[in-house]
Amino acid sequence: MATGRFGSPANRGTSEEELADPMSRLILHVHASSNNTILSLTDALGKVLINASGGTVGFRKAQRAGFEAAYQATAWIASKVKERGIPVRKVEIRLKGFGAGREASFKAINSVTNWPVCRIIDNTPIPFNGCRPKKARRL
(Lines give C-alpha, C1' and ligand atoms only; values in the text may rest on other atoms or scores of the structure.)
Protein backbone atom coordinates (compact mmCIF):
# COMPACT_ATOMS: atom_id res chain seq x y z
CA MET A 1 0.00 0.00 0.00
CA ALA A 2 1.33 3.42 -0.89
CA THR A 3 2.07 5.88 1.85
CA GLY A 4 1.33 9.58 1.66
CA ARG A 5 3.15 12.41 3.29
CA PHE A 6 3.95 12.01 6.98
CA GLY A 7 3.87 8.19 6.70
CA SER A 8 0.08 7.78 6.72
CA PRO A 9 -1.68 5.59 4.16
CA ALA A 10 -2.39 7.51 0.95
CA ASN A 11 -5.72 5.77 0.35
CA ARG A 12 -7.17 6.25 3.81
CA GLY A 13 -10.61 4.64 4.19
CA THR A 14 -10.14 2.46 1.11
CA SER A 15 -10.13 -1.28 1.61
CA GLU A 16 -8.08 -3.77 -0.40
CA GLU A 17 -11.24 -4.83 -2.23
CA GLU A 18 -11.96 -1.25 -3.31
CA LEU A 19 -8.38 -0.78 -4.49
CA ALA A 20 -8.82 -3.86 -6.69
CA ASP A 21 -12.24 -2.67 -7.96
CA PRO A 22 -12.60 1.12 -7.52
CA MET A 23 -16.14 1.04 -8.97
CA SER A 24 -17.44 -0.98 -6.00
CA ARG A 25 -18.14 2.25 -4.09
CA LEU A 26 -19.00 5.55 -5.76
CA ILE A 27 -18.60 8.89 -3.97
CA LEU A 28 -20.90 11.85 -4.64
CA HIS A 29 -19.17 15.09 -3.66
CA VAL A 30 -21.63 17.94 -3.03
CA HIS A 31 -20.13 21.43 -2.76
CA ALA A 32 -23.02 23.69 -1.75
CA SER A 33 -21.93 27.32 -1.67
CA SER A 34 -24.11 30.40 -1.38
CA ASN A 35 -23.78 31.01 -5.15
CA ASN A 36 -23.87 27.56 -6.73
CA THR A 37 -23.98 23.80 -6.05
CA ILE A 38 -21.31 21.67 -7.68
CA LEU A 39 -21.69 17.87 -7.76
CA SER A 40 -19.00 15.35 -8.71
CA LEU A 41 -19.42 11.59 -8.88
CA THR A 42 -16.11 9.78 -8.39
CA ASP A 43 -14.94 6.22 -7.92
CA ALA A 44 -13.33 5.02 -4.69
CA LEU A 45 -9.91 6.30 -5.77
CA GLY A 46 -11.17 9.82 -6.54
CA LYS A 47 -11.30 9.66 -10.35
CA VAL A 48 -14.13 11.91 -11.54
CA LEU A 49 -16.73 10.05 -13.60
CA ILE A 50 -19.46 12.71 -13.99
CA ASN A 51 -19.84 16.24 -12.71
CA ALA A 52 -22.67 18.76 -12.82
CA SER A 53 -23.68 22.06 -11.28
CA GLY A 54 -26.62 24.42 -11.16
CA GLY A 55 -25.24 26.21 -14.22
CA THR A 56 -24.78 23.09 -16.37
CA VAL A 57 -28.42 22.14 -15.88
CA GLY A 58 -29.59 25.48 -17.26
CA PHE A 59 -29.95 27.80 -14.27
CA ARG A 60 -28.39 31.26 -14.40
CA LYS A 61 -27.30 33.91 -11.89
CA ALA A 62 -28.93 33.64 -8.44
CA GLN A 63 -31.07 30.64 -9.41
CA ARG A 64 -27.99 28.39 -9.44
CA ALA A 65 -27.78 28.49 -5.64
CA GLY A 66 -31.36 27.31 -5.11
CA PHE A 67 -32.87 24.03 -4.03
CA GLU A 68 -34.31 23.22 -7.45
CA ALA A 69 -30.98 23.65 -9.28
CA ALA A 70 -29.22 21.19 -6.97
CA TYR A 71 -32.12 18.74 -7.22
CA GLN A 72 -32.07 18.81 -11.02
CA ALA A 73 -28.26 18.54 -11.15
CA THR A 74 -28.41 15.40 -9.00
CA ALA A 75 -31.17 13.96 -11.19
CA TRP A 76 -29.04 14.77 -14.26
CA ILE A 77 -26.09 12.88 -12.76
CA ALA A 78 -28.37 9.91 -12.04
CA SER A 79 -29.59 9.89 -15.65
CA LYS A 80 -26.00 10.03 -16.96
CA VAL A 81 -25.02 7.10 -14.73
CA LYS A 82 -27.91 5.08 -16.16
CA GLU A 83 -27.07 6.20 -19.70
CA ARG A 84 -23.40 5.17 -19.41
CA GLY A 85 -24.25 1.90 -17.66
CA ILE A 86 -22.12 2.54 -14.58
CA PRO A 87 -22.88 -0.12 -11.94
CA VAL A 88 -23.87 1.42 -8.59
CA ARG A 89 -23.37 -0.92 -5.62
CA LYS A 90 -22.78 1.59 -2.82
CA VAL A 91 -22.80 5.39 -2.73
CA GLU A 92 -21.04 7.61 -0.23
CA ILE A 93 -22.16 11.25 0.01
CA ARG A 94 -19.64 13.92 1.00
CA LEU A 95 -21.22 17.29 1.75
CA LYS A 96 -19.29 20.55 1.85
CA GLY A 97 -20.67 24.03 2.53
CA PHE A 98 -23.88 25.48 3.93
CA GLY A 99 -25.88 26.14 0.74
CA ALA A 100 -29.37 24.96 -0.15
CA GLY A 101 -27.95 22.15 -2.30
CA ARG A 102 -27.08 19.96 0.69
CA GLU A 103 -30.60 18.75 1.38
CA ALA A 104 -31.66 18.95 -2.25
CA SER A 105 -29.04 16.50 -3.50
CA PHE A 106 -29.74 14.04 -0.71
CA LYS A 107 -33.50 14.17 -1.34
CA ALA A 108 -32.93 13.70 -5.07
CA ILE A 109 -30.85 10.58 -4.49
CA ASN A 110 -33.57 9.11 -2.29
CA SER A 111 -36.46 9.94 -4.62
CA VAL A 112 -34.99 9.71 -8.16
CA THR A 113 -32.64 6.74 -7.69
CA ASN A 114 -32.59 3.55 -5.67
CA TRP A 115 -28.87 3.78 -4.88
CA PRO A 116 -27.88 2.32 -1.50
CA VAL A 117 -26.27 5.14 0.53
CA CYS A 118 -23.62 3.60 2.78
CA ARG A 119 -22.16 6.74 4.36
CA ILE A 120 -22.81 10.47 4.67
CA ILE A 121 -19.81 12.66 5.52
CA ASP A 122 -19.75 16.39 6.21
CA ASN A 123 -16.48 17.94 4.95
CA THR A 124 -17.46 21.55 5.63
CA PRO A 125 -14.36 23.53 6.63
CA ILE A 126 -14.90 25.16 10.01
CA PRO A 127 -12.22 27.60 11.21
CA PHE A 128 -10.83 27.16 14.70
CA ASN A 129 -10.46 30.91 15.32
CA GLY A 130 -9.24 31.59 11.79
CA CYS A 131 -8.80 34.99 10.17
CA ARG A 132 -9.31 38.21 12.10
CA PRO A 133 -12.72 39.78 11.34
CA LYS A 134 -13.12 43.21 9.82
CA LYS A 135 -13.16 46.14 12.22
CA ALA A 136 -16.58 47.12 13.56
CA ARG A 137 -18.39 49.74 11.52
CA ARG A 138 -19.08 52.95 13.45
CA LEU A 139 -21.88 55.26 12.38
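Below, the figures for the structure above:
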| item | result |
| --- | --- |
| Rough spin-label spacing in nm, given labels placed 7 Å along Cα→Cβ, for ALA62 and VAL112 | 2.5 nm |
| FRET E, pair SER15, PHE98, Förster distance 30 Å, beta-carbon r, rounded to 0.05 | 0.45 |
| Separation in nanometres of the label points that stand 7 Å from Cα toward Cβ, at LYS80 and ASN123 | 1.7 nm |
| Reciprocal of mean inverse Cα separation for the range 15-60 (Kirkwood radius, Å) | 11.6 Å |
| log₁₀ of I(q)/I(0) at q = 0.10, 0.23 Å⁻¹ - the range 25-139, Debye sum with one point per alpha carbon | -0.32, -1.27 |
| For the range 11-86: relative contact order, % (alpha-carbon pairs under 8 angstrom, 6 or more apart) | 23 percent |
| Over the chain, relative contact order from alpha-carbon pairs under 8 Å, at least 6 apart, % | 23 percent |
| Estimated FRET transfer efficiency when R0 is 22 angstrom, pair ARG138-ASN35 (beta carbons, to 0.05) | 0.15 |
| Karplus-derived 3J(HN,Hα), 6.51/-1.76/1.60, for each residue of the range 89-99, Hz, glycine and proline x | 9, 9, 10, 10, 10, 10, 9, 9, x, 10, x |
| Radius 15 Å from Cβ of GLY66, net charge of other residues (Lys, Arg +1; Asp, Glu -1) | +3 |
| Carbon + sulfur, % of accessible area of the chain - ligands and nucleic acids excluded, 1.4 Å | 53 percent |
| For the range 26-84, the Rg and Dmax computed from alpha carbons only, in angstrom | 11.2, 33 |
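The values are calculated or read from the model by the stated rules, or taken from the named source; none is laboratory data. Everything numeric here is computed off the predicted structure, so don't read it as measured data. Virtual Cβ from ideal backbone geometry, glycine too; neighbours counted across all protein chains shown. Just the protein is used for accessible areas: all its heavy atoms, side chains included, with ligands, DNA and RNA removed. Shrake-Rupley method; radii C 1.70, N 1.55, O 1.52, S 1.80 Å.
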